[in-house]
1. Using Cα centres only, tell me the gap between segment 193-210 and segment 287-332 in whole Å.
2. Carbon and sulfur together cover what percent of the accessible area of segment 294-387 at a 1.4 Å probe radius?
3. For Ser273 and Glu308 in one chain, what is 0.36 nm times their gap in residues minus the Cα-Cα distance, to one decimal in nm?
4. Can you give me the distance in nm between label points at Gln387 and Thr330, each placed 7 Å from the Cα along the Cα-to-Cβ direction?
5. For segment 230-241, in order, what is each residue's ³J(HN,Hα) by Karplus, 6.51 cos²θ - 1.76 cosθ + 1.60 with θ = phi - 60°, in whole Hz (x at glycine and Pro)?
6. Contour minus end-to-end for Tyr142 and Asp365, with contour as 0.36 nm per residue of separation and end-to-end as the Cα-Cα distance?
7. Could you state the accessible area per residue of segment 198-283 in Å², with a 1.4 Å probe and every protein chain left in place?
8. Expressed in nm to one decimal, what extension gain is obtained for the pair Asn12 and Leu257 from 0.36 nm per residue of sequence separation less their Cα-Cα distance?
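The values are calculated or read from the model by the stated rules, or taken from the named source; none is laboratory data. Computed from a predicted structure; not experimentally measured. Backbone-built Cβ (ideal geometry, glycine too); neighbour counts: all protein chains shown. Surface areas here come from the heavy atoms of the whole protein model, side chains and all, with no ligands, DNA or RNA. Shrake-Rupley method; radii C 1.70, N 1.55, O 1.52, S 1.80 Å.
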Amino acid sequence: MNSFPVVTLKENTFFTQELVLDKQFLLLNPTCPFNDALKKALLEWDFKVVYSNGSIGVAATSAPSAADFEQVTIDDVGILEEKKSAKTDIGENVKKVLEEAHQDLRNNEKSRMSVVQTVYNEYMNYITAVYTHYATHKVLSYQELTETVKELCIFIKDNRRYVLRITPKLEADNKNFIVSHSMRSTVTAIIIGLQMRMPLTKLIELGVTCILHEIGQIRLPPQLYITGRRLSPPERAKLATHTVIGFNIVKENDFPLAVQLGILEHHERENGSGYPRKLSGSKISLYAKIIAVACSFEAITAPRHFKEERSTYDAMIEILRNDGRQFDDTVIKALLYSLSLFPIGAYVYLQNGKIAQVTDANPNDPRNPIVQILGETDASGSPKTIQTDGSSTKIVRVLNKAEAADILKQFGLNKVNA
């Protein structure tokens, strides 16, 4: 493998084969040019040499310039400006909301759902503040994150079947894409970790890793990940660098190695088709395996500016199919048993003609979750909840988006949005 001193490389330099870091980390493919912005970043990260099996080639006339990949400001990725009066402890508001929530969570179903939504929204604000603080100060506090994520893990454990009923919404300008994706993926990742019987210390590390797994994207132009068009090969290669960028960000801030590797490897795949190092099987860290499944599930079920969301049932079926053996079987099984085949929050049509919402998983049979019958109450006046089975209360199918909207309107229910 040939080595190339970074200081000698010039703007718009092309390589005939892939350019890598440390002889393993993919940096550029042959269609993507080296540029001064990347050179500056490499030197800041203390990478003095890069490697390739090829040689320096001829620049293409249609190649994008360095200006196409300039580092963007925090406003460009849609994170709110940090107020000058903001406290150092950016988790302070979360703590206050959680204290209030603990007093209200003994209320009825409807009130409890409202409280869970409030806490969820505050964690969204918290992730926004974390990303903003890094963008403006280049500092991340592992201790502060672990303290706040610890409370999130406990809250999700106690309110799993309510948190999972919160559905994503599409922001008009999509500026909160990274935040909403990180939050929803983190919820799913923690729930998978709970199903896998992870101890609290590992759950916290997993949660921190998932919250920060896209932190590298804030150093990339938003048009790379907020776009309705197909990316060009150079653009796809540039977007793929977010894993390495994120790895270096947490490494510079002295995060544990397990967190660093989870961020670096969350796009690796079991069959070796992922990036940046094309790892496979047991070579991929556990946190990365979990985040890979959680992110994929979120990507299928969340609306984007260029596509409509698909149902959680569709997402579960796609993950279970595991085309090309991309995901770890143990992680997939944990996802299935924690959410059920018809995931919590889905509206379903039963064999007896009734409509219900899935409210909890059945630990003994993921095909027959617990559901809440719409429009019916039990003797105490609470919503009627039953265990589905293979006969009269068998789930026939999941309602599509239009059907679910009509049902919500018919019963006067509000969709709980994230």
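1. When both Cα centres are located, 19 Å separates them.
2. In segment 294-387, the share of accessible area belonging to carbon and sulfur is 48 percent.
3. 9.9 nm
4. About 2.9 nm separates the two model spin labels.
5. 6, 6, 6, x, x, 5, 5, 5, 5, 4, 5, 6
6. 76.4 nm
7. 36 Å²
8. Difference between extended and current length: 84.8 nm.
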